[in-house]
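The values are calculated or read from the model by the stated rules, or taken from the named source; none is laboratory data. In this text, all values refer to a predicted model and were calculated from it rather than measured experimentally. Reconstructed Cβ throughout: ideal geometry from the backbone, glycine too, with neighbour counts over all protein chains shown.
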Amino acid sequence: MARIPEAELQHLKAAVSLVAVVQAQGRQLVKKGKDFTTLCPFHDEKTPSCVISPEKNLYHCFGCNAGGSVLNWVMQTEKLSLRKAAERLKAELGDNPAVVPLVTKDEPEIFAEDEAGRQQLLSRVVAFYHHTLLNAPEAVAYLEKRRLNHPELVAAFKLGFANRTLPYRLPAVKSRAGEKIRAR
């Protein structure tokens, strides 16, 4: 069986809300500041010690020191392999396709030092952030809260969401292509 590309795993970790997954499992979440707490499913306890950070989309239990991403949570709580957990999270995303890499290994030269190259790079970054917004439940919830969730508005202005996943879509820093793109 083929390996799951790292970019796809990173996309799933960023696009699927851990809070939504935990709530869908029927666990009670209590808001504490900007984080949530819940009873840890990995050990017996009476006081919630598992903290879920929606901002980072990570969890950490201060009782048993368990922690990780939404993929780790699904693998551990549902006793699934990485492949099965990834398939389950993909199903949760529904029709939203995975984000394609911003730059492939074959095309770093198309972003020449001229204005057209910069415009092309900018338009791809805008498309990336727009796609990220459409796949991020917390961003969509924020737009709904602000009453800005009209599809025409989002599409016309290419609204986006910067959730710190852009570096995962670029070539590695140590490669020549990555160095060139990141220097811009």
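Do we have any residue at all in region 5-23 that's closer than 18 Å to Phe62 by Cα and basic (Lys, Arg)?
Of all residues in region 5-23, those closer than 18 Å to Phe62 by Cα come to 18-19, 22.
Restricting the remaining residues to those that are basic (Lys, Arg) gives none.
No: zero hits.
The conditions of being in contact with a Leu (Cβ under 6 Å, 6 or more places away or on another chain), part of a helix (DSSP H, G or I) and free of Cβ contacts under 8 Å to residues at least 60 places away in the same chain are not met by Ala91.
Within region 25-56, work out how many residues are surrounded by fewer than 17 Cβ atoms within 10 Å (Cβ to Cβ) and within 20 Å of the chain's Cα centre (by Cα). The total comes to 5.
Residues that are over 23 Å from Leu12 (Cβ atoms), modelled with pLDDT under 85 and not in a helix (DSSP H, G or I) within region 150-166 comprise just one, His150.
Of all the listed residues (Leu71, Leu80), the sole one being more than 17 Å from Thr132 (Cα to Cα), at pLDDT 90 or above, in contact with a Leu (Cβ under 7 Å, 6 or more places away or on another chain) and not in a strand (DSSP E or B) is Leu71.
Conditions (1) assigned by TED's automatic domain parsing to the domain that holds Asn57; (2) at pLDDT 90 or above, marked per residue:
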{"position": "Met1", "(1), (2)": "no, no"}
{"position": "Lys13", "(1), (2)": "yes, no"}
{"position": "Ser17", "(1), (2)": "yes, no"}
{"position": "Ala20", "(1), (2)": "yes, no"}
{"position": "Gln23", "(1), (2)": "yes, yes"}
{"position": "Gly26", "(1), (2)": "yes, yes"}
{"position": "Lys34", "(1), (2)": "yes, yes"}
{"position": "Thr38", "(1), (2)": "yes, yes"}
{"position": "Glu45", "(1), (2)": "yes, yes"}
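For Lys145, the requirement of being at pLDDT 80 or above, in contact with a helix residue (DSSP H, G or I) (Cβ under 6 Å, 6 or more places away or on another chain) and basic (Lys, Arg) is not met.
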